[in-house]
Amino acid sequence: RVFGNFIVKCDTSAPYVKPINFKQGGRVTSNVLRMTMGDNLSGVREDRCFINGQWVLSEFDGKGATLTIKLRQVPDLQGPFELRIFLTDCCGNQREVVYNLKK
């Protein structure tokens, strides 16, 4: 007979990504890039990663919310390069993050 109290929430914030073993404009010494990513409410639905415009495979570990990209996927990666990450959450909010890095 009694339904109780209800609340309606709306997810309007885009997902986030934070680098772990590199920083913007810095030199990358590892062959693996690690980042944490997530969303405040609905969760991340899709992530797409590109290095110098070329799609690269990324691995997501849900336990630690860690996104990993292995740089050996891009042959002859020397000098400066651009890492571009597109994130979409389950509500359709999107974020694009660009890192300019050096190898």
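The values are calculated or read from the model by the stated rules, or taken from the named source; none is laboratory data. Please read all numbers here as calculations on a predicted model, not as lab measurements. For neighbour counting, all protein chains shown are included, and Cβ atoms are generated from backbone atoms with ideal geometry for every residue, glycine included. We work out accessible area using only protein heavy atoms, side chains counted, and drop any ligands, DNA or RNA first. Shrake-Rupley method; radii C 1.70, N 1.55, O 1.52, S 1.80 Å.
Could you work out the relative contact order of the chain? I mean the mean sequence separation of Cα pairs under 8 Å and 6+ apart, divided by the number of residues, in percent. Mind showing how you got there, number by number?
Working: 206 pairs, mean separation 33.5, N = 103.
In percent, rounded to a whole number, it is 33.
Given Cβ point charges of +1 (Lys, Arg) and -1 (Asp, Glu) and nothing else, what value in debye, to the nearest 20, does the dipole of region 19-91 about its Cα centre take?
Values: 9 positive and 8 negative charges, 50 e Å.
So the magnitude is around 240 debye.
Can you pull the percent of the chain's accessible area that's carbon plus sulfur, 1.4 Å probe, other chains left in place?
Carbon and sulfur together cover 49 percent of it.
In whole angstrom, and with the biggest value first, how far do the Cα coordinates of region 19-68 range along each principal axis?
Here the spans come out as 33, 22, 17 Å, largest first.
For region 23-81, calculate the relative contact order in percent as a whole number, restricting contacts to Cα pairs under 8 Å that are 6 or more residues apart. Intermediate results must be reported in sequence, preceding the final value.
Working: 56 pairs, mean separation 21.8, N = 59.
The normalised contact order for region 23-81 reaches 37 percent.
Lys/Arg Cβ at +1, Asp/Glu Cβ at -1, dipole of region 44-103 taken about the Cα centre: which of Phe86, Gly53, Gln73 is farthest positive-ward?
After comparing all options, I get Gln73.
Mind giving me the FRET efficiency for Lys103 and Glu59? R0 is 22 Å, r the Cβ-Cβ distance, nearest 0.05 is fine. Walk me through the numbers on the way to the answer.
On the way: r = 20 Å, r/R0 = 0.91.
E(calc), rounded to 0.05, equals 0.65.
If I model a spin label as a point 7 Å beyond the Cα along the Cα-Cβ vector, how far apart are those points for Gln94 and Arg72 in nm?
For Gln94 paired with Arg72, the spin-label model returns 3.3 nm.
What is the extension gain from Phe6 to Ile20, computed as 0.36 nm multiplied by their sequence separation minus the C-alpha to C-alpha distance, in nm to one decimal? Mind dumping the intermediate values first?
On the way: separation 14, 0.36 × 14 = 5.04 nm, distance 3.84 nm.
Taking 0.36 nm per residue and subtracting the Cα distance, the gain is 1.2 nm.
Find how many whole Å separate the alpha carbon centroid of region 39-103 from the alpha carbon centroid of region 1-38.
For region 1-38 versus region 39-103, the Cα centre distance is 12 Å.
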